[in-house]
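Notes to accompany the following structure.
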Amino acid sequence: MRIGGLLFAAPVLARLKDDVRALAASGVASLDVATFKARFDVTRKHAIPLLEYLDSERITRRVGN
């Protein structure tokens with residue numbers, strides 16, 4: 001699947017969505033870029049498009065900048 005000019009495998013994105021849902025269920029109320037990068041071991045180049053994808057899939061919701 002192409003996201004922000006990058007290619008990601010569909011099973012990887014499904015696992016990412018499940019992981020983020022599990023974080024929310026465990027009580028994590030917010031997920032900023034730095035936390036996302038550290039938690040999922042990705043660079044900012046990958047984190048921003050992935051977070052935008054999660055927003056578009058209504059897994060997360062962007063608040064502010």
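The values are calculated or read from the model by the stated rules, or taken from the named source; none is laboratory data. Model, not experiment: these values are computed from the prediction. Positions of Cβ are backbone-derived with ideal geometry, glycine not excepted, and every protein chain shown enters the neighbour counts. For accessibility, only protein heavy atoms count, side chains too; no ligands or nucleic acids. Shrake-Rupley method; radii C 1.70, N 1.55, O 1.52, S 1.80 Å.
Can you give me the % of accessible surface on the chain that is carbon or sulfur? Probe 1.4 Å, all protein chains present, nothing else counted. Carbon plus sulfur share of accessible area: 52 percent. Note on the chain: with charges restricted to the Cβ of Lys and Arg (+1) and Asp and Glu (-1), its dipole about the Cα centre is near 80 debye. To the nearest ten degrees, helix 44-56 and the longest principal axis of the Cα atoms of the chain are 70 degrees apart.
Accessible surface for T35 stands near 70 Å², nearest 10, in the context of the full protein assembly shown (1.4 Å probe).
Can you bin region 22-61 into rounded, prolate or oblate? Criterion: square roots of the alpha carbon gyration tensor eigenvalues sorted a ≥ b ≥ c, rounded for a/c under 1.5, prolate for a/b above b/c, oblate for the rest. Oblate, since a/c reaches 1.5 and b/c is not below a/b.
Given their separation in residues at 0.36 nm each and the Cα-Cα distance between them, D19 and R62 gain 13.7 nm when the chain is fully extended. Round to the nearest 10 and give me the degree value, 0 to 90, for the angle of helix 10-25's Cα axis relative to the longest principal axis of the chain. Once rounded, one gets 10 degrees. What is the sum of charges around G4, taking Lys and Arg as +1, Asp and Glu as -1, for the other residues whose C-beta is under 11 Å from the C-beta of G4? So the surrounding residues net to +1.
Placing a label point 7 Å from the Cα of A29 along the Cα-to-Cβ direction, the residues of region 35-65 whose backbone N falls under 20 Å of that point are 35-36, 59-65. Computed with a 1.4 Å probe over protein heavy atoms only, the accessible surface of the chain comes to 72 Å² per residue.
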